[in-house]
Amino acid sequence: MTRKSEIKFVVEIDEKKMPEKIMWQADDAEFEGMKEAKTMMLSLWDKQDNLTLGIDLWTKDMLVDDMNMHFYQMMLKLGDTYRKSTSDNDTAKMFDDFASDFAAKVKLFEKK
C-alpha cells in the first residue's frame, strides 16, 4: 500500500525578491515543525524532456565559508548517492576526489 509524504518549503523574500529566510518541514523528518535553512538546492529529473530542473536559493546572510562547506558536503553526497544508485564505486570516487580538490582550493580545512 502506498502513502503520500509531503515536503514543504517557505521562503521569505525582500522587496527585491532576495531570500531572507528559508524554512522547511517534512512529514517524515526526525523533527517537528518548521526548520530554518540558509540555502537550498533542489534538483528534479524531467524524464519527458530529459532535463534536470533546479531551484537554488540562499539567504542574504549566507557566509562564503558556510557556502564552501555546503558545496563540499553536497559533492560528497552526490558521490554517495551515485554510488548507492549505480554500484559504480570507481565513478563515484570521482565526486569524492573533486570534493577534496575543491576543499583544498578554497582552503576549507585550514585554520583561520
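The values are calculated or read from the model by the stated rules, or taken from the named source; none is laboratory data. What you see is a predicted model; the values in this text were computed from it and never measured. Heads up, the Cβs are rebuilt from the backbone with ideal geometry, glycines too, and the neighbour counts pull from every protein chain shown.
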Enumeration of residues in region 69-88 that are outside any helix (DSSP H, G or I) and out of contact with any helix residue (DSSP H, G or I) (no Cβ under 9 Å at 6 or more places or on another chain): SER87
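Answer with yes or no whether MET34 is touching a residue at least 24 places away in the same chain (Cβ under 8 Å), within 19 Å of LEU78 (Cα to Cα) and either under 18 Å from the mean Cα position of the chain (by Cα) or assigned by TED's automatic domain parsing to the domain that holds HIS70 (or both).
Details: touching a residue at least 24 places away in the same chain (Cβ under 8 Å): yes; within 19 Å of LEU78 (Cα to Cα): no; either under 18 Å from the mean Cα position of the chain (by Cα) or assigned by TED's automatic domain parsing to the domain that holds HIS70 (or both): yes.
Judged against the criteria, MET34 is not a match.
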Hey, ALA29 of a type in the set (A, V, I, L, M, F, W, C) and in a loop (DSSP other than H, G, I, E, B) or not: yes
Look at region 52-80 and say how many of its residues are among the hydroxyl-bearing types (Ser, Thr, Tyr) and either touching a residue at least 60 places away in the same chain (Cβ under 8 Å) or within 20 Å of PHE9 (Cβ to Cβ) (or both). 2
